Every structure is written in structure tokens, then in C-alpha cells.
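Worksheet: the structure to be examined is printed underneath.
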Amino acid sequence: MSKVQWVPWGWAAAGVVALYAVEGAAPLGAAGWAAGLAYLVVSTVLLSRGLGRSRAERFGPANAVTAMRSTLVGVVTAMVVASVGGPASTLLLVTLTSTALALDALDGYVARRSGTVSALGGRFDMEVDAFLLLVLSVYTGPIVGWWVLAIGLMFYAFVAAGWVMPWMRATLPPRYWRKVVTAACGIALTVDAAGILPGALEVAIALIALGLLLESFGRDVIWLVRARHPLTVPADSATASS
């Protein structure tokens with residue numbers, strides 16, 4: 001294992017320290033600890049393997065920002081699982097989630113400014129985003145209704161569809177709107193998790209987020225379908241037009 005592949009384990013260790021810190025304010029219990037540690041270990045193994053496959057020579061500042069965000073997601077995961085068995089510290093959970101969302105706006109900027117944009121970094125960022133949405137949708141399920149899980153599961157349904165239909169694994173063109181929609185969904189679920197709005201408004205916010213996500217994924221599916229079946233111009237028409 002190269003030196004750069006050991007770097008993610010340092011962030012995993014920082015995550016364990018963060019779990020201990022949170023434990024003092026909001027007990028996580030056995031289930032919360034198990035979930036938090038599982039996230040930290042699995043995400044670190046996957047990132048380490050990705051660094052090895054890409055033959056990266058250094059971790060890079062943008063990946064460090066994303067790793068910090070991933071550490072926060074691990075803590076949020078532990079808190080959400082712990083909340084199933086008892087009350088959670090909503091203020092702490094919302095604070096950690098808001099910090100993770102703020103960092104999400106920073107890692108891409110850092111990557112561009114430092115000239116360290118990479119496919120691995122983009123995938124790392126996307127996976128952290130997707131898992132945070134999944135965890136938040138689980139937490140807000142009892143608040144707005146379990147249909148909100150559709151927000152958290154949509155990315156994974158898209159990936160699963162790619163296993164069944166290989167043409168859906170084609171590389172999509174870059175589109176900034178995806179990032180905007182992901183951020184909007186994260187903000188919407190965080191606001192709902194705070195529980196500071198009337199119930200009807202919380203449902204409306206989640207529905208808007210779901211609509212944006214459906215539009216974004218729908219546009220990607222349409223692009224993939226068109227890429228698989230490109231429109232062809234008949235030879236006689238092409239000759240006539242020339």
C-alpha cells in the first residue's frame with residue numbers, strides 16, 4: 001500500500017475522535033457506534049482502494065475537504081441510527097449537517113484553484129453527497145412521511161439500474177445543475193430535520209426537493225437513452241441536403 005493510501009485512515013481516526021466528542025453531548029449507544037464506525041471503515045477502504053487504482057501520488061487539498069465532510073457524515077450517521085432508540089440532539093445534528101453542506105460548496109472550488117480536479121475526487125464527492133441525503137431522509141421520515149426516502153434512495157436506484165442495464169453506466173456530460181439540486185435537497189432535508197417549520201410547510205419543502213431530484217435524474221436518463229439510440233439521418237436525405 002502506497003503512502004497516499006494511508007491518508008484516509010487518518011481521517012477515519014479523526015472520525016472516531018469526533019464520535020467520542022459527540023458521545024459526551026448525545027449518547028450514541030451501541031447501534032449508533034456500530035453505524036458510525038461501519039461508515040468510517042467502509043468509506044475509508046473504498047477511498048484507499050480508489051487511490052491505489054488511480055495511482056494517485058498525493059491526497060490533495062480538495063480531497064482533504066471532502067474527507068472532512070465525510071467524517072462529519074459518519075458522525076451524523078451514528079446520531080441518526082442512535083435516534084431510533086431515543087431522542088437525538090437536533091441542534092447538534094443540524095449543526096454538523098450544515099457544516100457538511102457548507103464544505104460541499106468548498107471542495108470543488110479548492111480542486112479548481114489548486115489544479116487537482118480528478119475523476120476520483122468527483123466520485124468521492126458524489127458518494128458522500130448521496131449518503132448524506134440517504135441518512136437525512138431516514139431522519140426526516142417520521143417528520144414528513146416515509147415517502148421522503150425516495151430522495152435518499154434515488155442515487156442508489158440509478159446505480160442499481162446500471163447493473164441491470166449497462167448502457168446506463170455511460171459517462172454523463174458534466175452538468176453544474178446536478179450539484180445545485182443535490183445541495184438544495186440537503187438544505188431542504190436539514191431544514192425539515194430542525195423541526196422549526198409548520199408540518200405542511202415541511203412536507204412542501206421535501207416535495208419540492210423530490211421534484212428537483214426527479215427532474216435532474218430524469219434529464220440524465222433521457223440523455224443516456226438518446227446516447228444509446230442516436231438519431232440517424234437516412235442516406236438519401238443527407239445526399240439531398242448536400
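Among A26, A67, A88, which is the only one that is aliphatic (A, V, I, L, M) and either over 21 Å from G152 (Cα atoms) or surrounded by fewer than 16 Cβ atoms within 10 Å (Cβ to Cβ) (or both)? It is A26.
If you scan the range 177-198, which residues turn out to be closer than 18 Å to I222 by Cβ and either out of contact with any Ser or Thr (no Cβ under 7 Å at 6 or more places or on another chain) or not hydrophobic (A, V, I, L, M, F, W, C) (or both)?
Just the residues of the range 177-198 that are closer than 18 Å to I222 by Cβ, to begin with: 177-178, 181.
Result: R178, single match.
Looking at R175, R123, just one residue is exposed (fewer than 15 other Cβ atoms within 10 Å of the Cβ) and within 14 Å of the chain's Cα centre (by Cα), and that residue is R123.
Conditions tested, residue by residue: (1) farther than 22 Å from T90 by Cβ; (2) in contact with a Ser or Thr (Cβ under 9 Å, 6 or more places away or on another chain); (3) free of Cβ contacts under 8 Å to residues at least 60 places away in the same chain.
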| position | (1), (2), (3) |
| --- | --- |
| Q5 | yes, yes, yes |
| A14 | yes, yes, yes |
| A30 | no, no, yes |
| A38 | yes, yes, yes |
| V45 | yes, no, yes |
| V65 | yes, no, yes |
| V73 | no, yes, no |
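Residue-by-condition table, conditions (1) crowded, with 18+ Cβ neighbours inside 10 Å; (2) closer than 15 Å to A82 by Cα:
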site: V22; (1), (2): yes, yes
site: G32; (1), (2): yes, yes
site: T44; (1), (2): yes, no
site: R49; (1), (2): no, no
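Note on the range 16-28: residues that are touching a residue at least 40 places away in the same chain (Cβ under 8 Å) and assigned to a helix (DSSP H, G or I) total 4. Checking each residue in the range 1-40 for being within 12 Å of T71 (Cα to Cα) and aromatic (F, W, Y) picks out W9, W11, Y39. Scanning the range 87-111 for residues that are more than 17 Å from the chain's Cα centre (by Cα), assigned to a helix (DSSP H, G or I) and modelled with pLDDT of 85 or more turns up T90, L91, L92, T95, V110. Scanning the range 181-198 for residues that are touching a residue at least 40 places away in the same chain (Cβ under 8 Å) and assigned to a helix (DSSP H, G or I) returns T182, A183, C185, G186, I187, L189, T190, D192, A193, A194. Report whether or not G141 is on the phi > 0 side of the Ramachandran plot and more than 15 Å from the chain's Cα centre (by Cα). Judged against the criteria, G141 is not a match.
Restrict the check to the range 138-152 and report whether at least one residue is farther than 20 Å from V80 by Cβ and not small (G, A, S). No, the range 138-152 has no match at all.
For E215, the conditions (1) modelled with pLDDT under 95; (2) over 17 Å from the mean Cα position of the chain (by Cα) are fulfilled apart from (1).
The values are calculated or read from the model by the stated rules, or taken from the named source; none is laboratory data. It should be emphasised that the depicted structure is a prediction, and the values quoted were computed from it without experimental measurement. Backbone-built Cβ (ideal geometry, glycine too); neighbour counts: all protein chains shown.
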